[in-house]
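Step one of this worksheet: look at the structure below.
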Amino acid sequence: MKNKILPFSVIIIFGIIFFIFYKGLEDSKIYTPDVNAKKEIPVFNTKEFFSGENVKSSSIFELDKVYLLNIWSSWCVPCRQEHPLLMNLNLENKLNIIGMNYKDNLKNAENFLKELGNPYKEIFIDLDGTIAIEWGAYGVPESFLIYNKEIIKKYIGPLNQEKVDEINLLIK
Amino acid sequence: MKFLKLFLIVIILFPLSSINAEENDTRNKITKNLRCLICQGQSVYDSDSEFANSLKIVVDKKLQEGFSEDQIYEYFKTKYGEWILYDPGLNKNTYILWLLPILIFLIGGAIIYKSFIAKK
């Protein structure tokens, strides 16, 4: 009896380890961030894009209004792709689009807006990328849907028609 | 007089540089334990992506503001979730990871004890 316990327990232990590792293999190794978590928007100080004046986050985002914060940059190619969608969203006038100019050369950014249009109600700058970190952003482009100073949903990567439809559905 | 001046300069500069070095050490330690979320498999310390560079600046800022190492981890955890830490805490998703080695060690030890030492 004693002799049987040893091989039996070894088999069971290896079975458990095999099972755990096998399960681990099935898990996706690519990190998918949580995009639905409701979080309060961060408090920060920054500068306005055109005037260069200091602005506080509390003066940009008001209660009881829907905002779409869009992180963009003139050097970011996908930002160019999503820009027409932002222009359309602005025309529909259902929400206020706020721009965060990310690690950009201001002249290039201005040219970008001249060329493609300016859908933003307000733009502030994030020169060293630290404000984007405060927002929990991953890079450019990225958009945050905000209501009552709370992030309702974030969209990582460029917006597409599908995402815009979802935004329209969410703000109805 | 010259000697005195030199002595003073050394005395003034020395502690500053060591403080600086200490801060750099903690900064490196922290950034090595943060995962670069857009470049999978690299730490923030190793990465040169825009995201990682910004994160390094934030770590510097937080250190200057007097945040402790744990507070900085906590800060990033609230912003990006547990995944950003290479050294995960004990919770319902990681308990197997933490307990399995101990369990294997105990069971293995028991087997060895039973089959070799108890026999004697």
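Derivation of every value follows stated rules applied to the coordinates shown; laboratory data play no part. Since the model is a prediction, treat every value here as computed from it, not as a measurement. Here the Cβ is made from the backbone with ideal geometry for all residues, glycine too, and neighbour counts use every protein chain on show.
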statement: Between the Cα axis of helix A:106-116 and the main Cα principal axis of chain A, the angle (0 to 90°, nearest 10) is 80 degrees
Separation in nanometres of the label points that stand 7 Å from Cα toward Cβ, at B:THR78 and B:ILE102: 2.9 nm
- prompt: Among the listed pairs A:LYS114/A:LYS153; B:LYS62/B:LYS92; A:LYS65/A:LYS163; A:LYS39/B:LYS79, which are separated by more than 18 Å between their Cα atoms?
  reply: A:LYS114/A:LYS153; B:LYS62/B:LYS92; A:LYS65/A:LYS163
task: Compare the Cα positions of B:ILE30, A:TYR155, B:ALA118 along the charge dipole of the protein assembly as shown (+1 at Cβ of Lys, Arg; -1 at Cβ of Asp, Glu; about the Cα centre) and return the one farthest towards the positive end.
output: B:ALA118
- line: Measuring from its Cα centre, the stretch A:39-170 shows a charge dipole (+1 at each Lys and Arg Cβ, -1 at each Asp and Glu Cβ) which, in debye to the nearest 20, is 40 debye
- prompt: About its Cα centre, how strong a charge dipole does the stretch B:2-88 have in debye, to the nearest 20, once Lys and Arg get +1 and Asp and Glu get -1 at the Cβ?
  reply: 360 debye
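Once Rh is set to the Kirkwood radius over Cα pairs, what Stokes-Einstein translational diffusion coefficient, in µm²/s, holds for the protein assembly as shown at a temperature of 25 °C and a viscosity of 0.890 mPa s?
Numbers: Rh = 23.0 Å.
Calculated translational D: 106 µm²/s.
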message: Please enumerate, by chain and number, the aspartates and glutamates with C-alpha under 13 Å from the C-alpha of B:LYS61, excluding those fewer than 8 residues away in the same chain.
response: A:ASP128, A:GLU134, B:GLU23, B:GLU69
task: Could you give the size of the charge dipole of the stretch A:104-172 about its Cα centre, using +1 on the Cβ of each K and R and -1 on the Cβ of each D and E, expressed in debye and rounded to the nearest 20?
output: 220 debye
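What order do you get for B:CYS39, A:CYS76 when you list them from fewest to most C-beta neighbours inside 10 Å? All intermediate terms of the calculation are to be shown ahead of the outcome.
Working: B:CYS39 15, A:CYS76 20.
In order of increasing Cβ crowding within 10 Å: B:CYS39, A:CYS76.
Tell me, what is the FRET efficiency for B:PHE7 and B:ASP46 to the nearest 0.05, using R0 = 30 angstrom and their Cβ-Cβ distance as r? Working shown, then result.
Details: r = 41 Å, r/R0 = 1.38.
FRET efficiency, B:PHE7 to B:ASP46: 0.15.
Can you sort A:ARG80, B:ARG35 from fewest to most other Cβ atoms within 10 Å of each residue's own Cβ?
Neighbour counts put them in this order, fewest first: A:ARG80, B:ARG35.
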field: Virtual spin-label span in nm between A:ALA37 and B:ALA21, 7 Å along Cα→Cβ
entry: 3.8 nm
query: Can you list the lysines whose alpha carbon is less than 29 Å from that of B:LYS119, not counting same-chain residues fewer than 8 positions off?
result: A:LYS2, A:LYS4
task: For chain A, calculate the relative contact order in percent as a whole number, restricting contacts to Cα pairs under 8 Å that are 6 or more residues apart.
output: 27 percent
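Can you give the mean number of other chain Cβ atoms that lie within 10 Å of the Cβ atoms in peptide A:126-138? Numbers along the way, then the final one.
Values: counts 1, 0, 5, 9, 7, 2, 5, 11, 3, 1, 7, 4, 6.
Counting other chains' Cβ atoms within 10 Å and averaging over A:126-138 gives 5.
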- prompt: Of all the Cα-Cα pairs you can form in chain B, what percent are over 26 Å apart?
  reply: 48 percent
- prompt: Expressed in whole Å with the largest first, what are the equivalent ellipsoid semi-axes of chain A derived from the C-alpha gyration tensor as the square root of 5 times each eigenvalue?
  reply: 46, 17, 17
For A:ASP34, A:ASP104, B:ASP87, order by how many other beta-carbon atoms lie within 10 Å, fewest first: B:ASP87, A:ASP34, A:ASP104
Pairwise FRET efficiency - A:GLU26 versus A:LYS4, Cβ, R0 = 30 Å, nearest 0.05: 0.35
